[in-house]
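Visitor: Here it is: the structure, laid out below.
Any read-out appearing in this document is the output of simple, stated calculations on the displayed coordinates, not a laboratory observation. Computed from a predicted structure; not experimentally measured. Positions of Cβ are backbone-derived with ideal geometry, glycine not excepted, and every protein chain shown enters the neighbour counts.
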Amino acid sequence: MLFHIYIHQKSNQIILMSKKLITLVVGARPNFMKIAPIIREIENFPDELEYRLIHTGQHSNKKMNDVFLKELGIPEPDIFLNGYGGTHAEQTARIMIDFETDCIQNKPDIVLVVGDVNSTLACSIVAKKLFLKLVHVEAGLRSFDRNMPEEINRIITDSISDLLFATEPDGVSNLLKEGHSKKTIHYVGNVMIDNLIYQEKKLNQIDNSVFKTNDLKKNLNQFIVLTMHRPSNVDDAEKLIQILKAVNKISETIPVIFPIHPRTRLSLQKINFELGANVICLEPLPYMEFLNLWRDATIVLTDSGGLQEETTALRVPCITLRENTERPITVEEGSNNLVGTKYIDIIQNVDALLKKNVQNYNLPKYWDGLASKRIVKVLLEN
């Protein structure tokens with residue numbers, strides 16, 4: 001708890017006021033999108049709340065990180081930890097060691113983590129071992145596939161968190177089934193969508209001609225955007241080849257724009273697979289340029305969790321190249337289609353979507369751009 005001394009102008013009385021100090025943790029780039037609206041809302045309460053931003057270094061590309069920080073309006077982190085690279089155990093251990101030192105020095109009242117990456121798990125364990133209040137944003141998401149490292153991170157983080165902020169009703173149900181108290185669970189909506197709404201407004205107000213992808217879009221009546229980064233897809237040569245063969249076949253009908261994740265690029269080099277002439281390969285794109293691209297796509301093909309949500313919010317048809325999803329509301333109510341990774345299933349589902357003339361998708365409850373307001377309200381009250 002931070003204390004600030006104020007002198008009342010009329011009575012000259014000394015008033016001691018306290019602020020809650022919140023440590024916000026980011027590690028991977030999707031975390032930036034989730035933390036940005038929370039930071040903006042915390043800054044609306046300067047007399048009650050103060051925050052420190054910790055970057056664990058899990059994603060270490062400084063150039064990309066700097067662009068993300070600037071575009072999302074996030075201040076420079078207070079500290080960078082040594083979290084890049086190594087095995088899951090090595091990375092988690094390094095982050096824990098460095099984060100523990102920071103917590104002991106700065107004594108936060110609350111540690112707030114987002115998502116399901118190794119940084120989330122590492123900092124959650126440290127916080128609880130130091131008896132700090134732990135808050136998890138995106139709590140309760142479950143793929144029910146414990147072969148996914150993210151699933152393990154989610155389950156453990158939720159199991160030790162003091163406050164659980166859920167993005168969808170299934171998240172609330174999962175937490176209740178796991179024995180969490182109703183008092184700790186708050187259905188607040190989706191901070192990813194807060195950020196998306198905020199950034200799209202900005203995008204509509206700027207000159208989009210500065211984006212290289214604008215020239216691509218001008219020359220294409222229809223196009224598909226493809227993203228892949230999940231180890232279960234890109235590290236499995238047989239599965240990756242199945243997906244890429246389907247992509248090549250699809251590109252004979254409609255161009256496919258493919259910003260290639262560094263992990264995926266390495267895998268492509270190993271299998272020496274030749275992509276079709278109508279598969280347009282790009283370097284990873286900054287957030288705003290990528291949003292400018294995919295929001296006008298005919299279909300998005302992805303294995304990303306966040307993109308399943310964002311396409312649902314903007315009602316862009318999405319095909320998810322996974323056997324399961326921890327975000328079922330995007331399938332039940334949104335624009336997401338869960339198809340797996342087999343060649344024939346991908347082809348058939350893309351073909352079916354291309355033949356649909358009208359797509360009516362719902363927007364899930366509380367995906368209204370106000371999730372961060374609900375979160376900060378709870379933090380102020382607790």
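Visitor: For the chain, what's the relative contact order in percent, using C-alpha pairs closer than 8 Å and at least 6 residues apart?
Guide: It rounds to 14 percent for the chain.
Visitor: May I ask you to derive the FRET efficiency for Ile152 and Asp207 from their Cβ-Cβ distance with R0 = 41 Å, giving the value to the nearest 0.05?
Guide: The pair Ile152/Asp207 has a calculated efficiency of 0.40.
Visitor: Tell me which label goes with the value of P(r) over Cα pairs in 20 Å bins from 0, in percent computed from the coordinates here: [x] 28, 52, 19, 1; [y] 24, 45, 17, 6, 5, 3, 0; [z] 27, 57, 14, 2.
Guide: Correct label is [z].
Visitor: Here's a follow-up. Sort Arg295, Arg327 by Cβ crowding within 10 Å, fewest neighbours at the top.
Guide: Values: Arg295 18, Arg327 26.
Ascending Cβ contact count within 10 Å gives the list Arg295, Arg327.
Visitor: Next question. Within a 10 angstrom radius of the beta carbon, how do Asp296, Asp47 rank from fewest other beta carbons to most? All intermediate terms of the calculation are to be shown ahead of the outcome.
Guide: Values: Asp296 15, Asp47 10.
Listed from fewest to most nearby Cβ atoms, that is Asp47, Asp296.
Visitor: Residues with amide H under 5 Å of Asn337's amide H, sequence separation 5 or more or different chain, H placed in the peptide plane at 1.01 Å from N; which?
Guide: Cys318, Ile319, Thr320
Visitor: Oh, and also: Taking the Cα centre as origin and putting +1 on Lys and Arg beta-carbons and -1 on Asp and Glu beta-carbons, what dipole magnitude results for the stretch 199-355, to the nearest 20 debye?
Guide: 220
Visitor: Once you compute Rg and the Kirkwood Rh from C-alpha atoms, what is the Rg to Rh ratio for the stretch 199-355?
Guide: 0.94
Visitor: What does the charge count around Gly171 come to, taking other residues whose C-beta lies under 15 Å from its C-beta (Lys +1, Arg +1, Asp -1, Glu -1)?
Guide: -4
Visitor: In this model, which of Lys34/Lys355; Lys201/Lys373; Lys19/Lys373; Lys249/Lys270; Lys34/Lys356 are farther than 26 Å apart at the alpha-carbon?
Guide: Lys34/Lys355; Lys34/Lys356
Visitor: Going highest first, how would you order 75-88, 276-289 by mean Cβ packing within 10 Å?
Guide: Values: 75-88: 15.1, 276-289: 16.9.
Going from most to least packed, we get 276-289, 75-88.
Visitor: Where a ≥ b ≥ c are the square roots of the eigenvalues of the C-alpha gyration tensor, would you call the stretch 35-117 rounded, which needs a/c under 1.5, or, failing that, prolate if a/b is larger than b/c, or oblate?
Guide: Oblate shape, in that a/c is at least 1.5 and b/c is the bigger or equal ratio.
Visitor: While we're on this one: Helix-only mean residue ellipticity at 222 nm, the chain, DSSP H runs n ≥ 4 weighted -39,500 (n - 2.57), per residue, nearest 500. What is it?
Guide: Result for the chain, helices only: -13500 deg cm²/dmol.
Visitor: In what sequence, highest mean first, do 303-313, 179-189 appear when ranked by Cβ atoms within 10 angstrom? Show your work: numbers first, answer last.
Guide: On the way: 303-313: 24.0, 179-189: 16.0.
So the peptides 303-313, 179-189, ranked by packing, come out 303-313, 179-189.
Visitor: Dipole of the chain (Lys/Arg Cβ +1, Asp/Glu Cβ -1, origin at the Cα centre): which of Trp294, Ser143, Pro364 lies farthest to the positive side?
Guide: Pro364
Visitor: Here's something else I'd like to know. Measure nothing but the geometry: give the 0 to 90° angle between the long axis through the Cα atoms of 371-381 and the longest principal axis through the Cα atoms of the chain, rounded to 10°.
Guide: 20
Visitor: Continuing with this model, one more query. Quick check on packing: order 24-34, 253-263, 195-205 by the mean number of other C-beta atoms within 10 Å, highest mean leading.
Guide: The densest-packed peptide leads the list: 24-34, 253-263, 195-205.
Visitor: Roughly how big is the stretch 170-235's charge dipole about its Cα centre, with Cβ charges of +1 (Lys, Arg) and -1 (Asp, Glu), in debye to the nearest 20?
Guide: Taking the Cα centre of the stretch 170-235 as origin, the dipole is about 120 debye.
Visitor: Can you compute the modelled spin-label distance between Leu363 and Arg265, with each label point 7 Å from Cα toward Cβ, in nm?
Guide: So the label points at Leu363 and Arg265 sit 3.6 nm apart.
Visitor: For the stretch 69-147, which trypsin sites (Lys or Arg not before Pro) are in a loop by DSSP, counting at most 15 other Cβ atoms within 10 Å?
Guide: Arg146
Visitor: For Asp162, project a label point 7 Å along Cα to C-beta. Then give me every residue of the stretch 117-134 with its amide nitrogen under 17 Å of that point.
Guide: 123-134
Visitor: Something else about it: Taking the simple approach of a point 7 Å from Cα along Cα-to-Cβ for both Val378 and Val331, what is their distance in nm?
Guide: Inter-label distance under the simple model: 2.5 nm.
Visitor: Once you place label points 7 Å from the Cα toward the Cβ at Lys177 and Asn324, how far apart are they in nm?
Guide: The modelled label-to-label distance comes out at 1.1 nm.
Visitor: Still on this structure, please answer the following. With +1 on each Lys and Arg Cβ and -1 on each Asp and Glu Cβ, how big is the dipole of the chain about its Cα centre, in debye rounded to the nearest 20?
Guide: Approximately 220 debye in magnitude.
Visitor: Continuing with this model, one more query. Please arrange Thr298, Thr341 by counting, for each residue, the other beta carbons lying within 10 Å of its beta carbon, fewest first.
Guide: Sorted ascending by nearby Cβ count, the order is Thr298, Thr341.
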